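Below is one structure, written out as structure tokens; comments come after it.
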Amino acid sequence: MAQKPSIPKGTRDFNPEQVAKRNYIFNCIRGAFQTFGFQPIETPSFENSDTLMGKYGEEGDRLIFKILNSGDYLNKANEKAYSEKDSTKLTPSISEKALRYDLTVPFARYVVQHQNEIEFPFKRYQIQPVWRADRPQKGRFREFFQCDADVVGSKSLWQEVEFIQLYDTVFSALKLEGVTIKINNRKILSGIAEVIGASDKLIDFTVALDKLDKIGEEKVKEEMRSKGISEEGITKLQPLFTLSGDFESQIESLKSILDTSEEGKKGIEELAFINEAISELGLKTAALQLDVTLARGLNYYTGAIFEVAAPKTVSMGSVGGGGRYDDLTGIFGMKDVSGVGISFGLDRIYLVLEELDLFPETVSKNIEVLFINFGDKEALFSLKAIKVLRENDINAELYPDAAKMKKQMNHANKRAIPFVVLVGDNEMESDTYTLKNMVSGEQLNVSLPDLIKQIK
């Protein structure tokens, strides 16, 4: 018996309706990217291993899919590593390439490799799949798309302002109202750590602070104590735990907390600039919110940090994020190229739109009319009409076989095709078409121009 086919864990098949819905999201995002002046690039699905390895930390390196060298890959294997079953030392000798883990490192490689052809500042967008050898679970896949936009070669804060507008534009186009764009600044977090005498514990401090909403003030303080943050430092943090109000009032509170930190003051200035610009420009449907507990990407973000939360009516994590980095290309020897970028979480956006029933009915635009096949003569007559319908942007097709009419009608019903056309001897003699509405059951005998009008 033949083995039942399957796909690898963490991957998915998409049916025509799902592909249509995903393309709808892609097209909204792509359209906004282009409106804002971002240019598309694409990089290979796989890169040289040394391009990717060592760029994501130890955990990230473990999640990179390695590709075995073609041919007799054991021929050049490290014999000592092979005999000792040391996979860490063996892998480089049998695998020189790997599937890309994200779009950011390949982008950095692209910028360095093509720096003489690129006009800086360079605004690029990229919508491509990435692969991670992660443990599959709900909402986490081994193959998924990333939708990224970045600007490199400019330190201007107007870029951050534009990215907030870009998020607002995309979610407004998707009719996803009530999205919150949360913003923080790495310099604020560094400043707070400095003020409480915990600069060397920045990561520990921010990881604990990030849990404020989930575990509450006392538990956060307990965690900070366990990480060696002093009682005096925690006391200085007290205003942070009660930080509330609008953007401006939170900025004022931060000024008093960070009055002794130059780094912190710089972060406040940057946030105030961005907020004032957005207040003046306005947003369509999203809201901008300062969130001092936001601490994603601290290993590489150096300025603004973004995270986008879905509307409160939906139980969903972030649907986007990003930030400012000052040395993306430094990993490939090109120093001091500042950049800022954001990403859209396609799969989560899809789930939110599905839950809120926000996909337009027209998104899965199907075949609009099926011509019933009564034989070769009738089929040729029908195909001449189908050619004209397609030229008028009407999706039309001919049933390929002269099967029983009931079978052809059932096919139209199963595919939810709204109209069928019947062409027999009478229709061919009078150069007309019998159009049947599959919903109402109504039938009309019409000319070709009227057929086009009726379907449209």
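The values are calculated or read from the model by the stated rules, or taken from the named source; none is laboratory data. Here the structure is a predicted model, which means the values were calculated and not measured. We place every Cβ from the backbone using ideal geometry, glycine too, and count neighbours over all the protein chains shown. Calculation scope for accessible area: heavy atoms of the full protein, side chains included, ligands and nucleic acids excluded. Shrake-Rupley method; radii C 1.70, N 1.55, O 1.52, S 1.80 Å.
Once the Cα gyration tensor of the stretch 160-217 is found, what semi-axes does its equivalent ellipsoid get, as square roots of 5 times the eigenvalues, in whole Å, sorted largest first?
Numbers: eigenvalues 198, 46, 9 Å².
Three semi-axes, in Å: 31, 15, 7.
What net charge do the residues around Ala173 carry, taking every other residue with its C-beta under 14 Å from that of Ala173, with Lys and Arg at +1 and Asp and Glu at -1? Mind dumping the intermediate values first?
Numbers: positive: Arg30, Lys175, Lys284; negative: Asp168, Glu177.
Charge balance in the 14 Å sphere: +1.
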Inter-part distance where the stretch 93-124 and the stretch 297-352 are each reduced to a Cα centre, Å: 17
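Relative contact order (percent) for the chain, with alpha-carbon contacts under 8 angstrom and 6 or more residues of separation?
Working: 723 pairs, mean separation 65.4, N = 456.
Dividing the mean separation by the residue count of the chain yields 14 percent.
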Value of Rg/Rh across the stretch 189-284 [Cα atoms, Kirkwood radius]: 1.01
Kyte-Doolittle at least -0.5, axis length at least 20 Å by Cα - qualifying DSSP helices, the chain: 16-35, 158-173, 262-281, 376-391
The stretch 1-158 - percent relative contact order, Cα under 8 Å, separation 6 or more: 28
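Which whole-number percent gives the relative contact order of the stretch 345-456, counting Cα pairs below 8 Å spaced six or more residues apart?
Details: 140 pairs, mean separation 28.2, N = 112.
Taking the mean separation of contacting Cα pairs over the length of the stretch 345-456, I get 25 percent.
So how strong a dipole does the chain carry about its Cα centre when Lys and Arg Cβ are +1 and Asp and Glu Cβ are -1, to the nearest 20 debye? Working shown, then result.
Values: 58 positive and 68 negative charges, 299 e Å.
Using only the charged Cβ atoms, the result is roughly 1440 debye.
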Three semi-axes of the equivalent ellipsoid, the stretch 368-417, Cα gyration tensor, whole Å, largest first: 18, 15, 5
Within the stretch 1-156: Cβ-based charge dipole about Cα centre, in debye rounded to nearest 20 (Lys, Arg +1; Asp, Glu -1): 560
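With all distinct Cα pairs included, what does the Kirkwood hydrodynamic radius of the chain come out to in Å, to one decimal, could you say? Spell out each step's value before the answer.
Numbers: mean 1/r = 0.0379 Å⁻¹.
When all Cα pairs of the chain are included, the Kirkwood radius is 26.4 Å.
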Per-residue SASA entry for His114, accessible area with 1.4 Å probe, Å² rounded to 10: 40
Listed residue (Leu294, Gly245, Pro8) projecting farthest to the positive dipole end of the chain, Cβ model: Pro8
Alpha-carbon centroids, the stretch 373-395 and the stretch 262-287: separation in whole Å: 58
Rg [Å, one decimal], Dmax [Å, integer] - the stretch 107-257, C-alpha atoms: 20.0, 55
Three-way shape label, the stretch 23-111, alpha-carbon gyration tensor, a/c 1.5: prolate
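Tell me, what is the per residue accessible area of the chain in Å², probe radius 1.4 Å?
On the way: 24190 Å² over 456 residues.
On a per-residue basis, the chain sits at 53 Å².
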Residue among Thr432, Gly375, Val319 farthest towards the positive dipole end of the chain, charges placed on Cβ: Gly375
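In the chain, carbon and sulfur make up what percent of the accessible area (probe 1.4 Å)? Could the numbers behind the result be given before it?
Details: 11870 of 24190 Å².
The C+S portion of the solvent-accessible surface of the chain is 49 percent.
Taking the Cα centre of the stretch 240-300 as origin and charging only Cβ (+1 Lys, Arg; -1 Asp, Glu), how large is the dipole, in debye to the nearest 20? Display every interim value, and only then the final one.
On the way: 5 positive and 11 negative charges, 51 e Å.
It works out to roughly 240 debye.
Hey, what number do you get for the chain at 222 nm if only DSSP H runs of n ≥ 4 count, each worth -39500 (n - 2.57), divided across all residues, to the nearest 500? Show your work: numbers first, answer last.
Values: 19 runs with 193 residues, N = 456.
Theoretical 222 nm ellipticity from helices: -12500 deg cm²/dmol.
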